[in-house]
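Here is the structure we will look at, set down as structure tokens.
Taken together, the values in this text are just the output of simple stated rules run on the coordinates, not laboratory data. Note that this is a predicted model, so its numbers are computed, not measured. Glycine also receives a Cβ, built like all others from the backbone with ideal geometry; neighbour counts cover every protein chain displayed.
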């Protein structure tokens, strides 16, 4: 009888320990399902948009006949080339990469329209790193002393060599110019569908001073990735939209107005798939006039639910 009691006690303790271990495993899996919301996709867009807008303003200033201090301007292949050294001041301080020289290739198509390609060149770069950060070709328009430029993710390249060629057919030029007719979206769904970023720049009436320019970024994109291998499959979708994101020279830490929405889905399947392999959630970020290097999570669902109402670190100067 005593042996039976001992056996039952031992069995109960074993089941209790096993149950606790399984509960801990489930708790860990649930804990890993929740995670901080991403900010890097927004940072990358801002850190590309502002230097692109800077090059657009400089190209249009040259086209309108305004002198550009410190710039070397010459003709190459029938197009204008603007060359200057990176002074690492706003707005170039937001560049996500190391850069020594900047080349802006400008093709004028009308008195108030041009097509540009911008090249940010690093002279000293580590082995395995690319030398040139290239954005373009993108259309630029000046209207009522404001500049508008539009680019998409497929207009951004990293390259090993500087190539100042801008050879386009009339058909290709027409397609690029037609982007300027694209309306600035005021809601998230339209922004994502457009799959482009519209940058509006206010030169503040000083075409040859670039340190007082304000930038407004609106647009969206969708990135889809599918990976398949013998151990399992993985798929991810990231939708991102920004509406009225305003960058002011008075604050280089965070935007001062506008909002952004990110929706992310990531699923991994396989024999060892766990709850933490699933990512599913939506975030609404809002910006305000305080220059604190943070943004607020106003809405959060799914994997990002625990960040609801929090202030998230967001510093545009981060590289």
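Among rounded, prolate and oblate, which fits segment 111-247 when a ≥ b ≥ c are the square roots of the eigenvalues of its C-alpha gyration tensor, a/c under 1.5 means rounded, and a/b larger than b/c means prolate?
Values: a/c = 1.71, a/b = 1.25, b/c = 1.36.
Since a/c reaches 1.5 but b/c is at least a/b, the shape of segment 111-247 is classed as oblate.
If packing is taken as the average number of other Cβ atoms within 10 Å across a peptide's residues, how do 47-54, 282-289 rank, most packed first? Can you show the working numbers first?
On the way: 47-54: 24.6, 282-289: 18.0.
Output ranking for 47-54, 282-289: 47-54, 282-289.
Report the FRET efficiency, 1/(1 + (r/R0)^6), for residue 305 and residue 157, where r is their Cβ-Cβ distance and R0 is 45 Å, rounded to 0.05. Please list the in-between numbers first.
Numbers: r = 37 Å, r/R0 = 0.83.
My answer for the efficiency is 0.75.
Place the peptides 188-195, 175-182, 240-247 in order of packing, highest mean first, counting for every residue the other Cβ atoms within 10 Å and averaging per peptide.
On the way: 188-195: 17.2, 175-182: 14.5, 240-247: 22.8.
Packing order, densest peptide first, comes out as 240-247, 188-195, 175-182.
Using only the alpha carbons of segment 32-313, determine the length spanned along each of the three principal axes and report them from longest to shortest in whole angstroms.
61, 45, 38
Relative contact order for segment 194-314 using alpha-carbon pairs under 8 Å, separation at least 6, rounded to a whole percent?
Details: 290 pairs, mean separation 20.9, N = 121.
Normalised by residue count, the contact order of segment 194-314 is 17 percent.
Just to confirm my numbers, what's the Cα centroid distance between segment 130-154 and segment 204-247 in Å?
14 Å
Could you sort the peptides 312-318, 66-72 by per-residue average Cβ neighbour count (10 Å cutoff), highest mean leading? All intermediate terms of the calculation are to be shown ahead of the outcome.
Numbers: 312-318: 15.4, 66-72: 12.1.
Result, highest mean Cβ count within 10 Å first: 312-318, 66-72.
Between residue 236 and residue 286, how high is the FRET efficiency from 1/(1 + (r/R0)^6) when r is the Cβ-Cβ distance and R₀ = 22 Å? Nearest 0.05. Intermediate results must be reported in sequence, preceding the final value.
Values: r = 25 Å, r/R0 = 1.14.
Efficiency, from the Cβ-Cβ distance: 0.30.
Find how much the distance from residue 44 to residue 250 grows on full extension, using 0.36 nm per residue of separation minus their present alpha carbon separation; answer in nm with one decimal.
On the way: separation 206, 0.36 × 206 = 74.16 nm, distance 2.03 nm.
Here the answer is 72.1 nm.
Could you tell me the calculated FRET efficiency between residue 193 and residue 318, based on Cβ-Cβ distance and R0 = 30 angstrom, to the nearest 0.05?
On the way: r = 29 Å, r/R0 = 0.98.
Computed FRET efficiency for residue 193 and residue 318 comes out at 0.55.
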